[in-house]
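Taking it in order: structure first as structure tokens, then the write-up.
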Amino acid sequence: MTPVQTRNLIDGEWKTAPSGATLNVTNPATDELIAEVPDAGAEQARAAIAAARAALPAWRALPAGERAEPLARLASLMQDKHEELATLLTREQGKPLAEARGEISYAASFITWAAEEAKRVYGETVPSSRPDQRILVLRQPVGVVAAITPWNFPSAMITRKLGPALAAGCTMIVKPAEQTPLSAFAIGELALEAGIPAGVLNVISGDAATIAQTIFADPTVRKVSFTGSTEVGQKLMVQAAQNVVRLSLELGGHAPFIVFDDADLDAAVTGAIKSKFRNAGQTCVCPNRFFVQAGVYDEFVAKLAAALEPMRVGAGLDEGVAIGPLIDDAAVAKVRDHIDDARSHGATLRLGGEIFSPGPGLTQRFCRPTIVEGVDASMKLSHEETFGPVAPIRRFTHEAEAIELANDSPYGLASYFYTRDAARLWRVAEALEYGIVGANDGAPSTAQAPFGGVKMSGFGREGGRYAMHEYLDVKYVSIGLS
Ligand code: ADP
């Protein structure tokens, strides 16, 4: 798909940066230049905020069912344009086309769900302790909100903020990742077509730090929802202090994946591939530490290696490709560093480890599915997010040991384990210090369930009715009866 829109969406109009400055969007598989997009600065960020502020009163005042209508149309337009959106996503991000198709459906599902839920933003009455008082609790939209999103899910990370925010009656400014703004513009274009009024959704690409500073400096913006690295999330927390702005932070993870002796090993292998190797290992819920119980260790590793060996590595648009490129050269350098560091500390490569170019015209950003054995806590693999298709595996003996190893992380986003013992399933699910637990499930994320972390993985939840609360303020009305 040729990108249709390559400019910023502000107040229903497409605009270049006032300075004329642009950023290049390239295909990570080929380095082909796909588009030049605006490199907006503070002035355009202020214009986007002003547009969202102007659009707020009318949008917020609409009955929920009327806000739901254009949102539902947006979701359905995304499905109508499914193939074009998926192709565009793969071109700017790299993931295999089949995964990009899955992402578009997944992205649309957040809007559909929120559009339905808009009608169920209920308040409450609370029994008073005074006969002459009535207590009402109202839920009202937070106001103007901003979303700052990453490149690994260029469509879904936007819609799971946009859906509940707009459904709740907020207006929004989206700042997509510089690597993948085209999917964001495509959503903006479809939002206009769906009848979402001008200014309700604004999309600006540009310098992240400048735009973020402008957003936090303007007291109009009452909430920022961010998905990205813990490092940037920490910076945003500091900036949010100046106007006491609400935050949702979905930050880094370091997921454990535990396989117990009593697991269904084939299911565990399938779950491991889904959770670890999707998007070439570039998701915040990817396992970074596999712990396998001694009794099944050899069999699990052999089965996993056999399943990974034939996976085709190549450009995402090519038929049959299961692993696409890493996003950029910095990502490649990190994956290489983690593999080299592990080997220099005594780990061994069971599979893969190679970073290469799979064909003519393709970049050197492709990494074969990799299994590293003999991993220990001293290695970078064990405590830094690798963001690549590398599975570091460690053997354990007792359940308590696995839980201790799994919880030994400053992060707390996703965790996974496989067992067929019902009592163990409860015990381990309760003991894991993570916001998400996949118990015999390698792909737990879905539109109706709460997604988010604890500890340094952030706070706030996306998905389901929990997401709506992120965009609603609670107002207590005390009525005196005299
Ligand atoms: P990643 O390592 O996945 O690229 P980042 O946290 O760097 O994660 O990026 C996630 C989002 O945060 C992107 O939209 C990026 O442009 C934005 N970003 C990066 N640096 C800053 C910053 N200093 N302030 C605000 N946003 C930022």
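Only the coordinates and a few stated rules stand behind these numbers; no lab work does. This one's a predicted model, so the numbers in the text were calculated from it and none came from an experiment. Counting neighbours? That spans all protein chains shown, and the Cβs are built from the backbone with ideal geometry, glycine included.
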**OP:** Run through the DSSP bridge list for segment 321-428 and note the antiparallel percent, rounded to the nearest 5.
**Re:** 55 percent
Original post:
What nm distance separates the two modelled labels at residue 119 and residue 235, each placed 7 Å from Cα along Cα→Cβ?
Top reply: 4.4 nm
**OP:** With r as the distance between the Cβ atoms of residue 42 and residue 341 and R0 = 35 Å, compute the FRET efficiency 1/(1 + (r/R0)^6) and round to 0.05.
**Re:** 0.30
Original post:
Quick one: Karplus J couplings for segment 346-360, per residue in order, coefficients 6.51, -1.76, 1.60, θ = phi - 60°, nearest Hz, x for Gly and Pro?
Top reply: x, 6, 10, 8, 8, 8, x, x, 8, 10, 7, 9, x, x, x
Subject >> Set 235/475; 81/276; 95/223; 15/175; 161/380; 95/119 screened for pairs whose C-alpha atoms are more than 26 Å apart >> reply: 235/475; 81/276; 95/223; 161/380; 95/119
Original post:
Calculated FRET efficiency, residue 306 and residue 329, Cβ-Cβ r, R0 30 Å, to nearest 0.05?
Top reply: 0.45
Original post:
By average Cβ neighbour count within 10 Å, what is the ranking of 248-258, 265-275, 406-416 from highest down?
Top reply: 248-258, 406-416, 265-275
Original post:
Taking 0.36 nm per intervening residue step and subtracting the Cα-Cα distance, what contour gain separates residue 356 from residue 400 on full extension?
Top reply: 11.8 nm
Original post:
Based solely on its DSSP helices, what 222 nm [θ] is calculated for the chain when runs of n ≥ 4 H residues each add -39,500 (n - 2.57) and the sum is averaged over all residues, nearest 500 deg cm²/dmol?
Top reply: -12000 deg cm²/dmol
Original post:
Which aspartates and glutamates have a Cα less than 15 Å from the Cα of residue 303, not counting those fewer than 8 places away in the same chain?
Top reply: 261, 264, 266, 373
Subject >> Förster radius 35 Å - calculated FRET efficiency between residue 80 and residue 459 (Cβ-Cβ, nearest 0.05) >> reply: 0.45
Original post:
So what's the projected area for segment 327-438, the Cα convex hull averaged over all directions, in nm²?
Top reply: 8.3 nm²
Original post:
So, by mean Cβ neighbours within 10 angstrom, what's the order for 236-247, 329-340 with the highest one leading?
Top reply: 329-340, 236-247
Original post:
If one computes the Cα centroid of segment 443-459 and of segment 49-101, what distance in Å separates the two points?
Top reply: 21 Å
Subject >> Calculated from backbone phi, Karplus (6.51, -1.76, 1.60) coupling profile of segment 232-237 in Hz, x at Gly/Pro >> reply: 5, x, 5, 5, 5, 4
Original post:
Can you give the % of DSSP beta bridges in segment 255-439 that are antiparallel, to the nearest 5?
Top reply: 20 percent
Original post:
Of all DSSP beta bridges in the chain, what percent run antiparallel (nearest 5)?
Top reply: 45 percent
Original post:
Taking the Cα centre of segment 255-439 as origin and charging only Cβ (+1 Lys, Arg; -1 Asp, Glu), how large is the dipole, in debye to the nearest 20?
Top reply: 340 debye
Subject >> Paramagnetic label zone (point 7 Å from Cα along Cα-to-C-beta, residue 294; backbone N under 19 Å) in segment 387-410 >> reply: 393-406
**OP:** Subtracting the Cα-Cα distance from 0.36 nm times the residue separation, let me have the gained length for residue 384 to residue 137 in nm, one decimal.
**Re:** 84.6 nm
**OP:** State the Cα centre-to-centre distance between segment 315-384 and segment 134-166 in whole Å.
**Re:** 35 Å
Subject >> For residue 22, distant residues with modelled amide H under 5 Å away >> reply: 39
**OP:** Go through 205-211, 279-285, 121-127 and give me the packing order, highest mean Cβ count within 10 Å leading.
**Re:** 279-285, 205-211, 121-127
Subject >> Alpha-carbon radius of gyration plus Dmax, which is the widest Cα pair, for the chain in Å >> reply: 23.1, 83
Original post:
Once amide H atoms are placed 1.01 Å from N in the peptide plane, what residues at a sequence separation of 5 or more from residue 438, or on another chain, have their amide H within under 5 Å of its amide H?
Top reply: 415, 416, 417
**OP:** Multiply the residue separation of residue 427 and residue 440 by 0.36 nm, subtract the distance between their alpha-carbon atoms, and state the gained length in nm to one decimal.
**Re:** 3.3 nm
